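The values are calculated or read from the model by the stated rules, or taken from the named source; none is laboratory data. The model shown is predicted, which means the values in this text are computed figures rather than measured ones. No Cβ is skipped: glycine too gets one built from the backbone with ideal geometry, and neighbour counts run over all protein chains shown.
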Amino acid sequence: MKTAPTLLVLAAGMGSRYRGLKQLDPVGPAGETILDYAVYDAIRAGFDRVVFVIRTDFEEAFRTQIGAKYAGRIAVAYAFQAINMLPESAEVPADRVKPWGTGHAVWCAREVVGEVPFAVINADDFLGRDAFAQLAAFVAAPDADHAMVGFRLANTLSDQGTVSRGVCQVDEQGFLSEVVEHPGIAQSDVGPDRMFTGEESVSMNCWAFQPSFWPALDRQWRAFVDTRLSEPKAEFYLPAAVSAEIVAGRATVRVRPTTAAWFGVTYREDKPVVEATLRAMVESGEYPARLFGD
C-alpha cells in the first residue's frame, strides 16, 4: 500500500452565513483562495492526490477556477455530495432541503478516495503548514488507527459572531476519548471563570484516516439514517461518527497538537482579516507571493 496520503477536501457547502460561494473567493495577494493555501501546504507535506467533494451545480466553475490550476502539481479528482445519496432503500424526506453534513460528505467520497490513507479538511479553513506536516507524519508512521490534528479553542473563534466547535476529550496518553459538538461559541464564552478556558483541544475537521475507517463510517451513517433521517435539520457530523467508534471501543485516534495558526471566513466580515494575515505571511517569507504562478 502506498504511504503518501490523499487529501479529501469538503467543498460542497455554500456557506449560508457568509452569503456566497466562499470556496472560490480570492483572499491571497495574488488572488489565491484559502483552498490554494491548503493544497500548497499539502503538496509540500508529501500528499500526492487531492479529491474535492463538491456539488454538481457548481462543478464547472470549480473545475475551471480551482482544480485546473493544480494540473501537473498534484493529481486531482472529484466526488459529489447530493441529498439523494443514501443507503439502499432509504428515501429523502419530503421536508429535507440539503445534504446531511460533513460525515455524509466523506461517505459520498468513499469510492473515489479508495483503499488508501487519506486526510480530511474543510475547504474554508486555513490550517497552516504544520497541520499538514502532522497529518503526513502520522500516515508515514501511524501509532493509532487514525489521527486528528487538535487546535487550541481560543485560536479558532471569530470576532464577527458565534462558531460551532467539536471540543475534544484527550486522555493522558494523547488519545482522543470523545468529541462533543458545542454550537454557538462566542468570544465572551472563553476566558477565566467562563464556559471554556480557551486551552481546550478542538476538532477543525482535520483528520488522517486509514482505509479501515470506511466500514466504520458506513456503520455510523446507516445508524444515523435508521434513527434520525426524518429530522429536517439533523446533521451527520464527522467528529460525532469518529467519537461513536471510539466510545464503542472500535477505534483509536491519536491527537496531534499543532502550533499552526488557524483562521477562516465563517462570516463575510472575516475576509479583510484573512487578507491582511495572508499578506503578512507572504511578506515574512512563509509563503511565496504567487502559489501557483506560471
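Looking across the range 259-273 at every residue that is at pLDDT below 90, of a type outside the set (Gly, Ala, Ser) and not in a loop (DSSP other than H, G, I, E, B), the one that is surrounded by the fewest Cβ atoms within 10 Å (Cβ to Cβ) is identified as 269. Total residues in the range 51-92 satisfying the condition of being touching a residue at least 12 places away in the same chain (Cβ under 8 Å), within 22 Å of residue 104 (Cβ to Cβ) and in a loop (DSSP other than H, G, I, E, B): the figure is 9.
Does residue 202 qualify as being within 30 Å of residue 286 (Cα to Cα) and in a strand (DSSP E or B)? Even if it seems obvious, please write down each step before you answer.
Numbers: within 30 Å of residue 286 (Cα to Cα): yes; in a strand (DSSP E or B): yes.
So residue 202 fits the description; yes.
Taken over the range 160-184, the residue count meeting the criterion of being over 18 Å from the mean Cα position of the chain (by Cα), part of a strand (DSSP E or B) and at pLDDT below 95 is 5. With respect to the stated conditions, residue 78 fails to be of a type in the set (Ser, Thr, Tyr), closer than 23 Å to residue 129 by Cα and touching an Asp or Glu at 6+ places or on another chain (Cβ under 9 Å). The set of residues in the range 22-71 being among the small types (Gly, Ala, Ser) and touching a strand residue (DSSP E or B) at 6+ places or on another chain (Cβ under 7 Å) consists of 38, 42, 67.
Listed by first and then second residue, the pairs linking a residue in the range 226-239 that is under 9 Å from residue 102 (Cα atoms) to a residue that is among the aliphatic types (A, V, I, L, M), with Cβ atoms under 6 Å apart and 6 or more places separating them unless they lie on different chains, are 238/106; 239/179.
In the condition set (1) within 21 Å of residue 122 (Cβ to Cβ); (2) modelled with pLDDT of 90 or more, residue 22 is compliant with all but (2). In the range 237-256, what residues are modelled with pLDDT of 95 or more, touching a helix residue (DSSP H, G or I) at 6+ places or on another chain (Cβ under 7 Å) and among the hydrophobic types (A, V, I, L, M, F, W, C)? Of everything in the range 237-256, those that are modelled with pLDDT of 95 or more, touching a helix residue (DSSP H, G or I) at 6+ places or on another chain (Cβ under 7 Å) and among the hydrophobic types (A, V, I, L, M, F, W, C) turn out to be 251, 253. Tallying residues that are of a type in the set (Phe, Trp, Tyr) and in contact with a helix residue (DSSP H, G or I) (Cβ under 8 Å, 6 or more places away or on another chain) within the range 91-145 yields 4.
Please determine whether any residue of the range 62-78 is surrounded by 17 or more Cβ atoms within 10 Å (Cβ to Cβ), within 24 Å of residue 166 (Cα to Cα) and out of contact with any Phe, Trp or Tyr (no Cβ under 6 Å at 6 or more places or on another chain). No: the range 62-78 contains no residue that is surrounded by 17 or more Cβ atoms within 10 Å (Cβ to Cβ), within 24 Å of residue 166 (Cα to Cα) and out of contact with any Phe, Trp or Tyr (no Cβ under 6 Å at 6 or more places or on another chain).
Screening the range 240-258 for residues that are in contact (Cβ under 8 Å) with a residue 60 or more places away in the chain and among the aliphatic types (A, V, I, L, M) and picking the one that is surrounded by the fewest Cβ atoms within 10 Å (Cβ to Cβ) gives 247. The residues of the range 34-50 that are outside any helix (DSSP H, G or I), touching a helix residue (DSSP H, G or I) at 6+ places or on another chain (Cβ under 8 Å) and surrounded by fewer than 21 Cβ atoms within 10 Å (Cβ to Cβ) amount to a single one, 46. The set of residues from the range 217-232 being under 20 Å from the mean Cα position of the chain (by Cα) and surrounded by fewer than 20 Cβ atoms within 10 Å (Cβ to Cβ) comprises just one member, 218.
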